[in-house]
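Structure first, then comments.
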Amino acid sequence: MAFPSFPDPADELDALAVALEWTLHRDDWWGPARRAYDAELTVLRDDARQIADELRTTL
Amino acid sequence: MTLVFPVRDITYSDDALRGRLDDLTAALGHGTTVAVSAATWDHGGVHRAVLAARVRKLVSEVARVRDAVESVLQTVPTTESARVTTLEGAICAVASAALFGPFSMLATAWSGELLPTLRPLFTYAREFAPQRPATRDEVVVTALPTTTSHPPRTLRDRIARIPRGDTHIHIERFNSSEGYRFEVFLSGTNFAGSLDDPWNASSNIDLAVTGSSPALQAVRAAMDDAGVTRHTPVVLTGHSQGGLIALALAESGDFTVDAVITVGTPVGVVPDATAIPTVHIIHPEDPIPVLGGFIERESSTWVVPVAHGERWFDAHHRESYLPSAAALDAIDDPRLRALRAAIQSTGTGVALDYRAIRTGDPP
């Protein structure tokens, strides 16, 4: 019986970034605070991508 | 970083929130997987340890945002199926309390399920409670020595002027070329208040059930004493029960109310005066606003997560709303900007504080 392999952390971080990207592009948002909220999600998305890149080059 | 979630008066659907909650839950799932993996990186050198720390911080931030969205979702109208689920939860909690005693209710509260339990119960109790006549208690209002005052300029300024302690009513009068303008600030419930305190907890029930209360009578008397007439513009600001009183005064049509500002108020208890600009600030962590039922959409409610992680009644204190009001002041929302300009007083004013005592037979 083969055990499933552990997901690649960089791929998982990419998937995290995609989920945040998806939510950033939903078009039915709720008003004037969108910019503040989107700004935070954008930072988190970029962090996820950056960590994924560093993982790929250093681990 | 403080997130601000305006809920009312804008294009919004709870489906939108649910979609975002799903997105953030999925993101968190991926992040958690990485965090588990990262637990082994600490042994792989400094750089790996730094990356592991960054992953943990990232996952923690995503979790915080997801929790914030989930909290907001609890304060907006749900679908009928979700409402049925809530009611089922309420019935189970009550049945469990009846069968196994109040400890089980405490356990329910501890598990975080008490709020959706209390909310429908309060709503239905209000709908089916016998209509008692308005209270006949007498209220005596005493004016304290006056002081000078400068006009409040922001929402935070106004929240900071809501009185505390034994003084429940603070009124400021400003004189301009157009005549007097008034700002009325009303405190929240004094839960430790004695029977002769019009701001004790029973005043809330009186106001919800009968439309009047000793506290409301006291405010009317104080406003009359301060010189507020039917035609002088007045801005009403209240915390908790004070917000309910402000809404009741606005709804009465007896005053020229320019705006109503509330914090931590169960605004569903009394109807909104829809023609009057209103700003309701609530914390999703505050258990009191949800007692008013689901948020209606006719006015402007701003759901702002607490600034310092307060929970339960700590999230209800007036002080905990000060940074939230400041957060609203800081965002560049055209409606709030217009409202602040429209209600701005000028010049030096007079500040009047009032104490109120209930006389007559307590209920």
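Yes or no, residue by residue, for (1) at pLDDT below 70; (2) facing chain A (nearest Cβ under 7 Å); (3) touching a His at 6+ places or on another chain (Cβ under 8 Å):
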| residue | (1), (2), (3) |
| --- | --- |
| B:PRO6 | yes, yes, no |
| B:LEU28 | no, no, no |
| B:GLY31 | no, yes, no |
| B:VAL46 | no, no, no |
| B:ARG54 | no, yes, no |
| B:GLU61 | no, yes, no |
| B:VAL72 | yes, no, no |
| B:VAL84 | yes, no, no |
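Quick check on my filter: what residues within segment B:221-232 are closer than 18 Å to B:ASP258 by Cβ and surrounded by 20 or more Cβ atoms within 10 Å (Cβ to Cβ)? Even if it seems obvious, please write down each step before you answer.
From segment B:221-232, those closer than 18 Å to B:ASP258 by Cβ are B:223, B:226-232; that's our starting set.
Passing the criteria: B:MET223, B:ALA226, B:VAL228.
Listed here are the residues, each with its yes/no results for (1) at pLDDT below 90; (2) assigned to a helix (DSSP H, G or I).
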site: A:PRO7; (1), (2): yes, no
site: A:ASP11; (1), (2): no, yes
site: A:ASP14; (1), (2): no, yes
site: A:PRO32; (1), (2): yes, no
site: A:ALA36; (1), (2): yes, yes
site: A:GLN50; (1), (2): no, yes
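The values are calculated or read from the model by the stated rules, or taken from the named source; none is laboratory data. Model, not experiment: these values are computed from the prediction. FYI the Cβ positions are ideal-geometry reconstructions off the backbone, even for glycines, and counts take in every protein chain you see.
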